[in-house]
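Asker: Input: one structure, supplied below.
Read-outs: derived from the displayed coordinates by stated rules, not from any lab. These figures come from a predicted structure and were not determined experimentally. All Cβ positions, glycine included, derive from the backbone under ideal geometry; neighbour counts span all protein chains shown.
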Amino acid sequence: MLDLKRQYRPLHRELLEAVGNVLETQQFILGEPVAAFERAAAERLGVAHAIGCSSGTDALWLALAAAGIGPGMAVVTTPFSFFASVSAILRAGATAILADIDPATFNLSPAAVDTVLKTPRGEAVKAILPVHLYGQCADWTSFARLGKEHGLKLIEDAAQAWGAEWQGVKAGGLGDAAAFSFYPTKNLSAAGDAGMVTTNSDEIAERARMLRQHGMRRRYYHDEIGWNTRMDGFQGAVLGVKLKYVDGWNQARRTVAKRYNALFRAAGLAEAGPYPVHGVVLPHEVPGSHHVWHQYVIRTSSRDQLREFLAARKIGSEIYYPVPLHQQEALKGLGYAESSFPEAERAAREVLALPIFPELREDEQQTVVAAIAEFLS
Ligand SMILES: Cc1ncc(COP(=O)(O)O)c(C=O)c1O
């Protein structure tokens with residue numbers, strides 16, 4: 001599914017030197033390695049501020065809290081994402097309201113959000129949190145319009161979308177604030193847990209910096225109850241090295257995705273979609289969006305059997321995500337019935353992520369597609 005060693009081998013000297021510098025300076029928490037990465041990352045994304053923290057989950061919480069989201073408020077998001085998209089809202093003390101997804105992109109549907117916003121609720125909706133799932137931006141033209149119409153903050157879950165763009169603007173600079181994850185499988189990855197908040201707002205940036213250090217502006221003077229969510233120096237150093245290469249890696253991912261598309265079409269397996277019949281529905285890249293292919297996700301009706309068939313041939317695949325968030329045991333308290341979001345529920349039954357990473361070879365992709373062709377025949 002993913003061979004991280006292929007990325008590591010050519011970089012190992014450079015990474016060891018960067019990590020060695022952290023040991024030399026003994027700056028283990030924040031410090032210059034993190035500050036240097038924050039500056040370079042902000043420049044690369046075209047945003048005013050980047051605030052390094054300890055994970056994507058913490059970045060989501062920090063972005064929400066720094067944007068003023070808290071108790072008595074509600075945030076609208078998707079049921080088809082990693083758990084943290086919802087748990088971070090709850091952690092900020094707010095209520096999570098879900099809306100269904102667009103079956104073509106698997107991203108939060110602006111039409112569904114619009115309907116939710118027109119439905120009266122207990123708590124006042126203060127923000128929308130779209131997730132740029134699989135490396136493709138959510139429909140930001142529509143979310144920007146909805147945000148303006150209803151006076152809402154827009155928080156991006158950009159955990160999977162380093163380098164993705166919506167109409168020329170990079171993920172991280174689309175909303176009021178954004179959260180990135182540098183979990184080791186991400187397009188830009190740390191050597192452990194790490195994350196980052198980005199924003200163009202001086203005020204949100206200042207609050208995020210304060211909240212990531214127990215609400216301190218001055219050492220040992222606590223203005224608010226924050227948390228310890230600082231990025232460590234090793235992660236800053238590793239990310240600083242990898243930042244130089246990530247655009248090339250994303251370009252390579254795009255080549256891999258194009259090659260899968262061509263192989264599936266040549267094998268006569270590609271179906272128009274959005275739902276599969278006998279073959280596979282290929283991922284849809286929206287015109288005007290620049291997809292960075294964190295995942296290459298097909299839809300197929302006999303997904304579980306196909307996955308077993310591939311596993312028997314030592315071909316990795318993964319399901320992101322098998323259980324929509326409203327059906328998770330821990331989120332039963334949100335109060336949604338089992339069948340509240342038909343598109344998310346159907347996607348959870350049909351999606352299958354195939355191996356994709358920058359160094360994946362063409363012959364390996366041919367093997368994957370040939371095995372899927374054999375199964376479907
Ligand atoms: C969409 C999404 N949101 C949030 C997160 C949380 O990031 P982390 O694992 O770095 O806490 C992830 C990563 O797993 C993710 O994929």
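Asker: What residues qualify as long-range amide H neighbours of residue 127, i.e. H under 5 Å apart, gap of 5 or more or another chain, H built at 1.01 Å from N?
Answerer: 74, 76, 153
Asker: Still on this structure, please answer the following. Pick out which of 362, 285, 24 has the largest mean-square fluctuation in a Gaussian network model of the chain, springs linking Cα atoms closer than 10 Å.
Answerer: 24
Asker: Taking a virtual spin label 7 Å from the Cα of residue 262 along the C-beta vector, which residues in segment 140-171 bring their backbone nitrogen under 15 Å of it?
Answerer: It comes to no residues whatsoever.
Asker: Computed over the Cα atoms of segment 242-377, what is the convex hull's projected area averaged over all directions, in nm²?
Answerer: For the Cα atoms of segment 242-377, the hull's average projected area reads 10.2 nm².
Asker: Further question on the same structure: Give me the dipole magnitude in Debye, nearest 20, for segment 264-369 about the Cα centre, with unit charges on the beta carbon: positive for Lys and Arg, negative for Asp and Glu.
Answerer: Here the size comes out at about 140 debye.
Asker: Taking the Cα centre of the chain as the origin, how large is its charge dipole in debye, to the nearest 20, when only Lys and Arg (+1) and Asp and Glu (-1) carry charge on their Cβ atoms?
Answerer: 320
Asker: On alpha carbon coordinates alone, what is the Rg over Rh value for segment 84-171, Rh being the Kirkwood radius?
Answerer: Answer for segment 84-171: 0.94.
Asker: What does the net charge come to around residue 8 if you take all other residues with beta carbon closer than 13 Å to its beta carbon, with K and R at +1 and D and E at -1?
Answerer: So the surrounding residues net to +2.
Asker: Still on this structure, please answer the following. Three principal axis extents, largest first, for the C-alpha atoms of the chain, in Å?
Answerer: Principal axes ranked by extent give 67, 58, 37 Å for the Cα atoms.
Asker: Past 26 Å, Cα to Cα: identify those pairs from 242/314; 153/242; 148/186; 148/170; 126/186, in the order given.
Answerer: Cα-Cα > 26 Å for 242/314; 153/242; 148/186; 126/186; rest within.
Asker: Applying a 10 Å radius around every beta-carbon, put 1-7, 351-357 in order of their mean neighbour count, most first.
Answerer: The most tightly packed comes first, giving 351-357, 1-7.
Asker: Classify segment 160-301: rounded, prolate or oblate, from the alpha-carbon gyration tensor (a ≥ b ≥ c, eigenvalue square roots; a/c under 1.5 rounded; otherwise prolate if a/b is larger than b/c)?
Answerer: prolate
Asker: Would you calculate the volume per residue, in Å³, of the smallest convex hull containing every Cα atom of segment 196-257?
Answerer: About 127 Å³ per residue, rounded to a whole number.
Asker: Right, next: Ordered by packing density, taken as the mean number of other Cβ atoms within 10 Å over each peptide's residues, highest first, how do 245-258, 51-64 rank?
Answerer: Most protected by this proxy first, the peptides run 51-64, 245-258.
Asker: Report Rg/Rh for segment 80-125, rounded to two decimals, where Rg is the Cα radius of gyration and Rh the Kirkwood radius.
Answerer: 0.99
Asker: Equivalent ellipsoid semi-axes for segment 32-118, as square roots of 5 times the alpha carbon gyration tensor eigenvalues: give them largest first, rounded to whole Å.
Answerer: Semi-axes from the Cα gyration tensor: 28, 17, 12 Å.
Asker: Expected output is a single nm value to one decimal: the length gained when fully extending between residue 255 and residue 217, i.e. 0.36 nm times separation in residues minus the C-alpha distance. What is it?
Answerer: That works out to 9.1 nm of additional length.
Asker: Oh, and also: Per-residue counts of other Cβ atoms within 10 Å, averaged by peptide: what ranking do you get for 310-317, 333-340, 122-129, highest first?
Answerer: 122-129, 310-317, 333-340
Asker: Let me ask something else about it. Based on Cα coordinates alone, diagonalise the gyration tensor for segment 1-157, multiply each eigenvalue by 5, take square roots, and list the semi-axes in whole Å, largest first.
Answerer: Equivalent ellipsoid of segment 1-157: 35, 19, 14 Å, largest first.
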